[in-house]
1. Going by average Cβ density within 10 Å per residue, which order do the peptides 13-24, 86-97 take, highest to lowest?
2. How far apart, in nm, are the 7 Å Cα→Cβ label points at D91 and L57?
3. Give, as a single signed number, the net charge of other residues whose beta carbon lies under 14 Å from the beta carbon of S45, with Lys and Arg counted +1 and Asp and Glu -1.
4. Compute from the Cα atoms of region 49-92 the Rg and the Dmax, the latter being the longest Cα-Cα distance, and quote both in angstrom.
5. What nm distance separates the two modelled labels at A27 and I99, each placed 7 Å from Cα along Cα→Cβ?
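Every number here is computed from the coordinates shown, using simple stated rules; none is lab data. Computed from a predicted model, the values in this text were never measured in an experiment. Positions of Cβ are generated from backbone atoms using ideal geometry, with glycine treated the same way; all protein chains shown enter the neighbour counts.
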Amino acid sequence: MRAYVLGSMMLWSAFFLIWYLLTLYTASNDLEEIRPGPAGATVVSASQCGVELAALLAMGDKLLKAGGPEVPADLRANIEHCISLDAASRDTLMKTQLIRFFPAAR
């Protein structure tokens, strides 16, 4: 009877250990897939802000029409970053009606 109980405990312990190690292994793989790039905000130079702003101004007529398309998400994020850091970009948008697409910048 003791041998049966001891064998059963060893078998279930082995199953548990294998399950636990596989869980840790898959969790570490999932974390590697989720891991983002470098920490912190992306650094955008003044010339890159100018390019992003030019792209937005080129889309200006379409954006200002009633029911026009919305600003693409990646362009919006870059423009918001430029507005917060670059005074020239902020002033350029203030002169146009496109500033209404970025209410936080007012």
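1. On the way: 13-24: 10.0, 86-97: 14.8.
Listed from highest to lowest mean packing, they are 86-97, 13-24.
2. Placing both labels 7 Å beyond Cα along the Cβ direction yields 1.3 nm.
3. On the way: positive: none; negative: E52, D86.
Value of the local net charge: -2.
4. Gyration radius and largest Cα-Cα distance of region 49-92: 10.5, 30 Å.
5. Each label point lies 7 Å from its Cα, and together they span 5.1 nm.
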